[in-house]
1. Check each of the trypsin sites (Lys or Arg not before Pro) in segment 88-131 and keep only those in coil by DSSP with at most 15 other C-beta atoms within 10 angstrom; list them in order.
2. Output ³J(HN,Hα) for segment 239-250: one whole-Hz value per residue in order, computed from phi by the Karplus curve 6.51 cos²θ - 1.76 cosθ + 1.60 with θ = phi - 60°, and x for Gly and Pro.
3. When the convex hull of the C-alpha atoms of segment 60-172 is computed, what volume per residue in Å³ does it have?
4. Along segment 215-230, what does the Karplus equation 6.51 cos²θ - 1.76 cosθ + 1.60 (θ = phi - 60°) give for ³J(HN,Hα), rounded to whole Hz, x for Gly and Pro?
5. What is the distance in Å between the Cα centroid of segment 157-220 and that of segment 229-256?
6. Long-range amide H contacts for Val130: which residues qualify at under 5 Å (H placed 1.01 Å from N, peptide plane, sequence gap of 5 or more or a different chain)?
7. Relative to the compact-globule scaling 2.2 N^0.38 Å, provide the ratio for the alpha-carbon radius of gyration of segment 161-260.
8. Which far-off residues, 5 or more places away or on another chain, put their amide H under 5 Å from the one on Ser169, with H placed in the peptide plane?
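The values are calculated or read from the model by the stated rules, or taken from the named source; none is laboratory data. Because the structure is predicted, anything quoted here is derived from the model rather than measured. Cβ atoms come from the backbone with ideal geometry, glycine included; neighbour counts cover every protein chain shown. Each accessible area value is taken on the protein alone, full model and side chains, heavy atoms only, with ligands, DNA and RNA left out. Shrake-Rupley method; radii C 1.70, N 1.55, O 1.52, S 1.80 Å.
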Amino acid sequence: MKRAIAAVVGLSAMITVISAAPSSAQGDVPSIKGVERERGPKPLTTDGQSFLEINGVGELVHWQRSGESYAKQLRGWGWQNTRAITTLDNQTFLEVKGDGRLSKWTWNGGTYIEAVVGRGWDNARLVTGVAGNQFIEINNQGELAYWTFDGSNNLSKVVRGWGWQGTKSITGLDQFLFFELKGDELNTLSWWVNTSTGLQEFRENDGSDNTWMRLIAGNDAEHFTVVTTDGTLLEYALDAASNWVPTVRGWGWNGTRLIG
C-alpha cells in the first residue's frame, strides 16, 4: 500500500483537541509503586508532552500536550503494515516495517524525513526507545539488547540479557530504567534498572492483574501512556513518593493499533 507523509501547511487546520475533560482515574485503575531513585535531569525522550499513534485505518498521528489534554496532528497515511513504532525524542521515532526494514524518521517542522538504518529486523519482537540515540530490542530468541546510534546513524549492539521469550511488553523511560509486563496470566509488572554490572529486577509482588494494559508508550522518566482494553487513555505520572499515579486523558481509543 502506498505510504503518504503529511507535509503540514496551515497547521491549525490539522489540529483538534480531545474534548473529554481529564480526571483522576478512579475505580479499578490502580496507582503503581515505582522504584525509588534520585531525581535528576531528564533524558531527551518526549519530555512527557507527546506520543505517536497509528490507528486502525493506517493514519500516523502525533498527540501533543494541550493544557490538561492532548491536541491531534495527522502526520501520515498508509501505515497499515508497520509492525512497531517507538519514540526516541521529540522529533525522532523508529519504525519496524512489515518487510523487516528498520527506519528512523525525523520531523523537520513540516514533514518526516526517513532514513533506512537497518534490514532483516523481522527477528525483532519488541522495541522501546530509551534516549535520543538508543533503544532496547527483544528478539524472537529471547535476547535483550541495547542498540545505540552514532552520529552517522550506524548502530552498535550490546546484549544485556537472555531468556526474555515470555515477555509481553517493555516500556523504556530513560537509559537506566524500563518496565516489563510478563507473559504470565496476570501480566506481572517488573521494573528493570540498567546498572554497570547488569540489569537488576524489582518485581511488583502485590498480585495485581495488569491484563487491562493493552498498549503502552514511555514518554520520559516521569510519564508513560496506556491504552486500556476498554479504550481508555491513561497518563501515569511519578509523584514525590515514587508512586505512579494515573489520570484519564481520553476515551474511545479502541481503534488504536500502535502507540510509541
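1. Values: sites: Lys97, Arg101, Lys104, Arg119, Arg125; in loops: Arg101, Arg119.
Of the trypsin sites (Lys or Arg not before Pro), the ones in loops of segment 88-131 whose Cβ has at most 15 other Cβ atoms within 10 Å are Arg119.
2. In residue order, the calculated couplings are 9, 5, 9, 6, 9, 8, 9, x, 9, 6, 10, x Hz.
3. On the way: hull volume 13.7 nm³, N = 113.
Dividing the Cα hull volume of segment 60-172 by its residues yields 121 Å³.
4. 9, 9, 9, x, 9, 6, 5, 10, 8, 8, 10, 10, 9, 8, 5, 9
5. If you average the Cα positions of each part, the centres end up 18 Å apart.
6. Phe135, Ile136
7. Values: Rg = 13.7 Å, N = 100, 2.2 N^0.38 = 12.7 Å.
So segment 161-260 has a normalised radius of gyration of 1.08.
8. Excluding prolines and chain starts, which carry no amide H, the hits are Leu181.
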